[in-house]
1. Given a 1.4 Å probe and every protein chain left where it sits, what share in percent of the accessible area of the chain is carbon and sulfur?
2. Return the Rg/Rh ratio of the range 72-174 with Cα-based radii and a Kirkwood Rh.
3. In bins 5 Å wide, starting from 0, what share of all Cα pairs of the chain does each bin hold, as a percent?
4. Stokes-Einstein at 37 °C, 0.692 mPa s, Kirkwood radius from Cα pairs: D for the range 121-171 in µm² s⁻¹?
5. Pop out the Kirkwood hydrodynamic radius of the range 28-96 from its pairwise C-alpha distances, inverse of mean 1/r, in Å to one decimal.
6. With the convex hull built on the Cα atoms of the range 46-132, state its orientation-averaged projected area in nm².
7. What does the accessible area per residue of the chain come to in Å², with a 1.4 Å probe and no ligands, DNA or RNA counted?
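The values are calculated or read from the model by the stated rules, or taken from the named source; none is laboratory data. Treat the numbers as computed from the prediction; the structure is a model and nothing was measured. Keep in mind that these areas ignore ligands, DNA and RNA; they rest on the heavy atoms of the full protein, side chains included. Shrake-Rupley method; radii C 1.70, N 1.55, O 1.52, S 1.80 Å.
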Amino acid sequence: MAAQRDARTARNRTRRGVDDAKRLRVVVERLEEETTLWQEFLRAHRTIIDKMAEQMMRDHNLPLEWFDVLIHLAEVPDGRLRQRALRDRLLLSESGVSRLLLRMEQVGVVARNTAGDDKRGMEITLTDKGRTAVIEATESHVEMVAALFTNRLTRTDLNALGRVLPKLAAKSED
């Protein structure tokens with residue numbers, strides 16, 4: 001009796017294993033069919049970002065993330081933003097931004113100070129060294145964006161992206 005029960009259990013496990021393998025194949029096929037464009041988008045994004053980061057380090061000894069921070073600061077009057085506002089622009093976590101800004105402050109491209117009367121908030125300011133770094137890196141960055149992105153697309157492609165990207169970036173109604 002125990003031998004029969006053990007045999008039945010083994011057959012059920014085998015059947016479940018076959019069923020699971022079939023279900024897994026179906027799931028993977030569906031994923032491939034329905035996310036091909038998404039995967040291509042991610043691959044293109046990673047390729048472009050990797051090349052831009054490599055170029056920024058090679059030509060300016062500046063991490064691409066730092067350049068992003070410096071550009072955001074350069075865009076605002078007086079080159080200063082509250083850390084929270086900068087974090088929202090960068091789409092990073094609070095701790096990620098804090099660590100990034102600490103390293104940037106140590107090198108002297110930004111300064112961090114308490115924000116006026118609100119001793120809890122931090123204000124990030126573009127330093128002269130940071131301003132110089134942005135000025136020196138911007139031309140090659142713009143050229144790299146053109147080479148890796150803009151120049152590879154037709155006017156029709158660019159117009160389509162101009163319509164599509166805001167839809168993807170819009171907050172959902174969830």
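1. 55 percent
2. 1.07
3. P(r) over the chain, rounded to whole percents: 1, 7, 11, 13, 13, 12, 10, 8, 5, 5, 4, 4, 3, 3, 2, 1, 0.
4. Answer, rounded: 236 µm²/s.
5. 14.5 Å
6. 5.9 nm²
7. 74 Å²
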